[in-house]
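Asker: Pasting a structure here, questions to come.
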């Protein structure tokens, strides 16, 4: 029994030395992907473009809405025999309004999704290149890290590289 206990202790000591020496060879870093994404100049530039498209669509919708309101006011003062024609025109404008609203925002969402995918791919490529260049064995998202020494945080390096490449 005593020999078995000595064997277990010796095995534990050897294992801890093995893991300690193995872990010293690993180079691990982490990145706050959300911070890089949000502070990446390419993201900011594209957000401006999308915002302009959204404002343009909203302006067109507001113009259609104003036209519709004018038509509805006119409806109350016209003769009975002309009301049917006017209501048909109103129905057509309402349909155009809804179609414009649907397509404008769907197109904007689709464009945004495509650009987000492109930006994420850019960031992943930058991280991959950085990790290879600096001999990292593992780079993880900061959200997956419960504790990490700030020395392992490479977020600012990745952000600098990303924004430098985008200029």
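No lab work stands behind these numbers, since they all come straight from the coordinates. From a predicted model like this one, the values you see are computed outputs, not experimental measurements. All Cβ positions, even for glycine, are placed from backbone atoms using ideal geometry, and neighbour counts span all protein chains on display.
Asker: Could you grab me the full set of residues in the range 33-44 that are in contact (Cβ under 8 Å) with a residue 24 or more places away in the chain and part of a helix (DSSP H, G or I)?
Answerer: 33, 34, 35, 36, 37, 39, 41, 42, 43
Asker: Could you grab me the full set of residues in the range 105-139 that are outside any helix (DSSP H, G or I) and in contact with a strand residue (DSSP E or B) (Cβ under 6 Å, 6 or more places away or on another chain)?
Answerer: Let us first name the residues in the range 105-139 that are outside any helix (DSSP H, G or I), namely 134-139.
Of everything in the range 105-139, those that are outside any helix (DSSP H, G or I) and in contact with a strand residue (DSSP E or B) (Cβ under 6 Å, 6 or more places away or on another chain) turn out to be 136, 138, 139.
Asker: Give the range 94-110 a look and list any residue that's surrounded by 14 or more Cβ atoms within 10 Å (Cβ to Cβ) and within 22 Å of residue 55 (Cβ to Cβ), or say none.
Answerer: 97, 100, 101, 104, 105, 108
Asker: Could you grab me the full set of residues in the range 111-143 that are more than 30 Å from residue 48 (Cα to Cα) and either surrounded by 12 or more Cβ atoms within 10 Å (Cβ to Cβ) or without any contact (Cβ under 8 Å) to a residue 40 or more places away in the chain (or both)?
Answerer: Once the filter is applied, which keeps residues that are more than 30 Å from residue 48 (Cα to Cα) and either surrounded by 12 or more Cβ atoms within 10 Å (Cβ to Cβ) or without any contact (Cβ under 8 Å) to a residue 40 or more places away in the chain (or both), the range 111-143 yields 131, 132, 133, 134, 136, 139.
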